[in-house]
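Beneath this line is the structure, given in structure tokens, with notes to follow.
The values are calculated or read from the model by the stated rules, or taken from the named source; none is laboratory data. Everything numeric here is computed off the predicted structure, so don't read it as measured data. In this analysis, Cβ positions are derived from the backbone assuming ideal geometry, glycine residues included, and neighbour counts consider all displayed protein chains.
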Amino acid sequence: MLGVKPGRRARASRRRLNPLRSLVISALAVVLAAGSGSLAYFLPAAMIAFNASGQSIDLPTPSPTSILFSPTPSASASPTVAASGAFTVLLLGSDDDSKFSGDRVLTQSMILVRVVPSTKQVTMLSIPRDLWAPLATGGTGKMDWAYSYGGARAAIATVEADFGVHIDDYIWVGLLGLIRVIDVIGGIDIVTSNPVLDDYYPLDVNTNSLYGYQRIAVLGGPQHLDGTHALEYVRSRHNDLQSDFGRSRRQQQVLLAIRAKAKLLSAEDIPSLAQAIGGEIKTSISIDKVARLLPLASSFDDPSKIHTIVLASPYTHGGAPDGSLFPDWGAILPLVHQYFP
Amino acid sequence: MIAKISLGAFLALLMVVVGVGSFLYLGTRQSKIVQPPELPTAAQPSPNAFRLPGTMVLEQGGALYSLSNGRFHQLTTPKGWTQPSFMPGGNLLVVKRSSVFSDVWTMSRLGHPIKQLTNNAAPRFSYDIGDNHWVFYPRISPDGRSIFLSYDSPKFGYEVDLSVWSMPVNGSLRSGRVWTDESAAPGYTGGDLQPVPVPGGVVFTRYDRNPDGSIFSQVWYSNRAGSFGHALTTPGADCREPSFAPAFNYLAMICTYGAQVSNLVIASYANGAVGRLQTVISNQMVAQPTWAPDGSGIAYLAPVVVAEPFQLWFVPATSFFQPKPSPSPSPSAGASPSPSPSPRPSPSPLVLKPIQITQYNDFDATSTLAWAA
């Protein structure tokens, strides 16, 4: 000790850190490492979410009606995001197998959903895919043609103009997306309204035979459904003599069952969920809006405040071209404006 | 010198451990609802758990399992076996379901297939997938001479409805009789399912339409082939999946009242008529209620939490029957008067605590529970 020169002692003491500084550096390292681990866990999901969300739809302003082919009904789309924070989303479900090129797919399902956070009310209006109505892309045709002609933009503009509603956002889901979502959340429980038997159900998922058929039989009653059987339940319509109204009701049942199951999920499930549905979901809802909406979702738990509407008779009737349905706008619009002010 | 190097090494190690650890920890925080279910044989009820009387046969994942003396035994491999029911003598009637058709088989109580009773595969050189047929829910009649089942014939075009058929035990569907021809009914509903032969007729679930096109289910009774029969429950009750007490004096079923719930409901029964409906369980998604062979209670399937797979439950009869039976049940709205001298269920709302038998299984809630003494 006595032999140590003063300069060497000073250098040695500089190489030694004082305990407080060591503690701070260690704490920072722990925080940094934990953050890195969490980032690695959530990053793939975040990337998928960023790719799927915030899709620009560039709706024409002030009203889509100005560019539309003169629709019959009143098309005074009123952009009303009420003070209550209410918003309207158009859910679109499509075939997206390789029978179709690119984004030119038909929408098997169109459901208009209005959410009123202040009253915890949700209204789901199923729009018949076979409804014969003016299309935003020009002319008149089945509602499910709109998306194939002009993507989400055309589908939204068509619904806004025909039904006189303002749509804030859209969510598009492919067939595989529905299967994967239900499988990744471990299936859903549902009371199937009736047995769904179909001898000519399309064999176009997970197969090379895109134009083949298969027989399906989803039996009636309470049951736990995986993604494939849930899709069979909501997609079959060969046996529904009243067009696809039965299918619309079943789609609403499955959506509510998915919502019930989703309430049991935790944030840590998001990566596996995102990986499963990657590429099968597109939405105009931004990530930050999703983050704001997620806490709301679990508070909508009163079944009496969830309204489901199907535009069966007297709102529609058969006899339109190509097996489609004529709308009775005089009956439809008051109903729509009651729930979608 | 040593202190800085040591601190650097320590921090590097700490960061690796914490980084990897937090990644792995988050993975373990995933909800348990997506975990695969256990096979019944892997999830034995505990020795102290409630033991159901007799032997029950259930289906999970296309395989049949028996439950007796509190232990599960696997009867078959998972090859589409489903919807078991016991025959006199202890053998089973079961359905073997493939991707496009299904057939009825007899099977020993140990799980050995004995005889294929129907042949519903399309003819060998048929190019129409619609030439295949479905058959579901076979059940033997109380006299042991006929098998009742749901069969998708006749069918026309796209419309595939199930009708109730009967066939001789030693015969075939070619010698069978149509009891309810659903293909003649207007509009597709799915048809008539889950026939339960009773003395003097058959009780089954019929799916029908409301004027607005929505579908409801009703429990019906028919006393002869080809007769229209009559409903035992109202359209608004939306009831299905009937099961009878051993003496055929009580009927258990599920009623949804048009909602995504399913209540366990019982009613007295006699000669094709039911008494007042009494809700036994109203806070679970109940499926396939089945009376114990000794009448001691009702077993059923239901998830522990809504949205999870279905588990096996039991509710003792002592919890929903009053100690003192009254002489006759009062008729329900829409049902025929009941002359039954059966005991009457409690009119007050019941608060029951059913007994959960299994925890982590995934029993098929569309498959019947076969239960014998």
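What to note about this one:
- Residues in segment A:177-225 that are at pLDDT 90 or above and among the small types (Gly, Ala, Ser): A:Gly187, A:Ala217, A:Gly220, A:Gly221.
- Among the residues of segment A:207-224, those identified as more than 7 Å from chain B (Cβ to nearest Cβ) and either free of Cβ contacts under 8 Å to residues at least 24 places away in the same chain or surrounded by 22 or more Cβ atoms within 10 Å (Cβ to Cβ) (or both) are A:Thr207, A:Asn208, A:Ser209, A:Gly212, A:Ile216, A:Val218.
- Selection status of B:Phe148, within 14 Å of another protein chain (Cβ to nearest Cβ), in contact (Cβ under 8 Å) with a residue 40 or more places away in the chain and either over 21 Å from B:Ser243 (Cβ atoms) or crowded, with 18+ Cβ neighbours inside 10 Å (or both): no
- Criterion applied to A:Leu335, A:Leu255, A:Leu264 was being modelled with pLDDT of 75 or more, touching a Phe, Trp or Tyr at 6+ places or on another chain (Cβ under 9 Å) and either assigned to a helix (DSSP H, G or I) or over 22 Å from A:Gly85 (Cβ atoms) (or both), and the one residue passing it is A:Leu335.
- Flag for B:Phe72 being at pLDDT below 95, more than 30 Å from B:Ile215 (Cβ to Cβ) and in contact with a Ser or Thr (Cβ under 7 Å, 6 or more places away or on another chain): yes
- Among the strands (runs of 3 or more DSSP E) confined to segment B:248-289, there are none with at least 3 residues that are surrounded by 19 or more Cβ atoms within 10 Å (Cβ to Cβ), in contact (Cβ under 8 Å) with a residue 24 or more places away in the chain and of a type in the set (Lys, Arg).
- Yes/no for B:Phe310 being crowded, with 17+ Cβ neighbours inside 10 Å, within 12 Å of chain A (Cβ to nearest Cβ) and either of a type in the set (Gly, Ala, Ser) or within 30 Å of A:Arg259 (Cα to Cα) (or both): yes
- Failed condition for A:Tyr200, given (1) within 14 Å of another protein chain (Cβ to nearest Cβ); (2) within 24 Å of B:Val306 (Cβ to Cβ): (2)
- Of all residues in segment B:151-163 being within 11 Å of another protein chain (Cβ to nearest Cβ) and at pLDDT 85 or above, the one that is surrounded by the most Cβ atoms within 10 Å (Cβ to Cβ): B:Leu162
- Looking across segment B:79-130, the residues that are touching a residue at least 12 places away in the same chain (Cβ under 8 Å), under 24 Å from B:Ser153 (Cα atoms) and small (Gly, Ala, Ser) come down to B:Gly80, B:Ser85, B:Ser98, B:Ser102, B:Ala121, B:Ala122, B:Gly130.
- Candidate set from segment A:258-270 (those that are within 7 Å of chain B (Cβ to nearest Cβ) and within 17 Å of A:Leu296 (Cα to Cα)); member that is surrounded by the fewest Cβ atoms within 10 Å (Cβ to Cβ): A:Ser266
- Condition check for B:Arg124: more than 19 Å from the chain's Cα centre (by Cα) and in a helix (DSSP H, G or I): no
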